[in-house]
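A quick write-up on the structure given underneath.
Read-outs throughout are calculated quantities, based only on the coordinates presented, and are distinct from any laboratory measurement. Quick caveat: nothing in here was measured; it's all calculated off a predicted structure. Don't worry about glycine lacking a Cβ; one is built from the backbone with ideal geometry, like all the others, and counts go over all protein chains shown.
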Amino acid sequence: MWNLLFYFGLFGTIIFSGATITETIKGNFEDLVIGVSTTIVFGILPATIGFINNKKRKKQLEEQRKNEQLNSILRLARANQGILTISEVSLELNISIDEAKRRLEEAITKGICIANVNENGNIEYHFPDLLNN
């Protein structure tokens, strides 16, 4: 919906500013105020509102996706006795290694897990609340 408003505003800006410029070139300055006002109301304003709200919506969707991935990581950690690796997360969530690493680092930042180096020198992510003692 916000994309539609943005494009409507963009279209309105082009049409109304074009008409205003044409009338001004013809020497018809009486309608200049109306033309500029119409361009603002039916062009610039809707385009700006659409653009801003579209950015907000994209940010909300990205945050929702991150939260869903974190929940999937927690379920996976529970199934693996509270210990995960980056490659396990990448494979199970069907995300890149870099994305898996970012999600696990976010989990560390939130205090959900701890990174440890195992006896083979690999990094494991331990989820204390989900570890089987």
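Relative contact order for the chain: what is it in percent, counting Cα pairs under 8 Å that are at least 6 residues apart? Provide the component values of the computation, followed by the final result.
On the way: 141 pairs, mean separation 28.0, N = 133.
Averaging sequence separation for qualifying contacts and normalising by length gives 21 percent for the chain.
Starting from the Cα of Lys58, draw a straight line to each of the lysines and keep only those under 16 Å, dropping any in the same chain fewer than 8 residues away.
Output for Lys58: Lys66.
Can you return the aspartates and glutamates within cross-link range of Lys101? Criterion is Cα-Cα under 14 Å, with same-chain partners fewer than 8 residues away left out.
List returned: Glu88, Glu92, Glu124.
In nm, what is the difference between 0.36 nm times the number of residues separating Val33 and Leu10 and their Cα-Cα distance?
Once the chain is fully extended between Val33 and Leu10, it gains 6.3 nm.
Please report, in debye to the nearest 20, how large the charge dipole of the chain is about its Cα centre when each Lys and Arg carries +1 at its beta carbon and each Asp and Glu carries -1 there. Please list the in-between numbers first.
Values: 14 positive and 15 negative charges, 47 e Å.
I would put it at about 220 debye.
Could you tally the net charge around Glu106, taking each other residue with its Cβ under 11 Å from the Cβ of Glu106, Lys/Arg +1 and Asp/Glu -1? Numbers along the way, then the final one.
Values: positive: Lys66, Lys101, Arg102, Arg103, Lys110; negative: Glu99, Glu105.
Counting the neighbours of Glu106, the net charge comes to +3.
Need one number: the % of Cα-Cα pairs in region 1-124 sitting beyond the 19 Å mark.
Here the tail beyond 19 Å accounts for 63 percent of pairs.
Report, in cubic angstrom per residue, the convex hull volume of the C-alpha atoms of region 80-133. Numbers along the way, then the final one.
Values: hull volume 4.2 nm³, N = 54.
Convex hull of Cα atoms, per residue: 78 Å³.
222 nm [θ] for the chain, helices only, -39500 (n - 2.57) per DSSP H run of 4+, per residue, to 500?
Calculated at 222 nm, the ellipticity per residue is -22500 deg cm²/dmol.
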